[in-house]
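Visitor: Please find one structure pasted underneath; my questions will follow.
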């Protein structure tokens, strides 16, 4: 019977202080770039309309999220969140922090558009790649 060998892979998880620093940089990016560009003011409508753009960590993934409020009569004022872009931490990059920039399709499935980007490169991709702008 053949023996099975396991391959060891070194990975680098993000410590909480790094996550906080990255979140701070992303929040500044949202405040200075995304909100003025895509949500300069809240415009209520009879349909769903955007009221906020924010970000949050979930494990090793930082998502950019748009919050909507319903203008429909049957659920007036209810809110829901829709992520539109995600930065996935690449734990296989040991020398520096890198991210895959992910695009969310209307089906809810995520696809990698840009691989192994630094935070500055990833935010520049979010700033310039129109496919990542699934903001209302």
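Read-outs throughout are calculated quantities, based only on the coordinates presented, and are distinct from any laboratory measurement. Bear in mind that the values here come from a model prediction, so they are computed numbers and not experimental data. Quick reminder, even Gly has a Cβ in these numbers, built from the backbone with ideal geometry, and neighbours come from all protein chains shown.
Visitor: Does residue 87 satisfy being part of a loop (DSSP other than H, G, I, E, B) and surrounded by 14 or more Cβ atoms within 10 Å (Cβ to Cβ)?
Guide: Taking the combined requirement at face value, the residue does not satisfy it.
Visitor: Taking the residues in the stretch 88-126 that are touching a residue at least 60 places away in the same chain (Cβ under 8 Å) and farther than 28 Å from residue 44 by Cβ as candidates, determine which candidate is farthest from the chain's Cα centre (by Cα).
Guide: Among those residues, the one meeting the criterion is 94.
Visitor: Also: Looking at 54, 80 in this structure, which one is assigned to a strand (DSSP E or B), in contact with a strand residue (DSSP E or B) (Cβ under 6 Å, 6 or more places away or on another chain) and farther than 30 Å from residue 17 by Cβ?
Guide: 80
Visitor: Answer yes or no as to whether residue 28 is farther than 16 Å from residue 133 by Cα, within 20 Å of the chain's Cα centre (by Cα), free of Cβ contacts under 8 Å to residues at least 12 places away in the same chain and exposed (fewer than 14 other Cβ atoms within 10 Å of the Cβ).
Guide: yes
Visitor: Looking at 21, 13, 116, which is the one that is farther than 19 Å from residue 134 by Cα and exposed (fewer than 14 other Cβ atoms within 10 Å of the Cβ)?
Guide: None of the others qualify; the one that does is 13.
Visitor: Can you name the number of the only condition in (1) in contact (Cβ under 8 Å) with a residue 60 or more places away in the chain; (2) not in a helix (DSSP H, G or I) that residue 45 fails?
Guide: (1)
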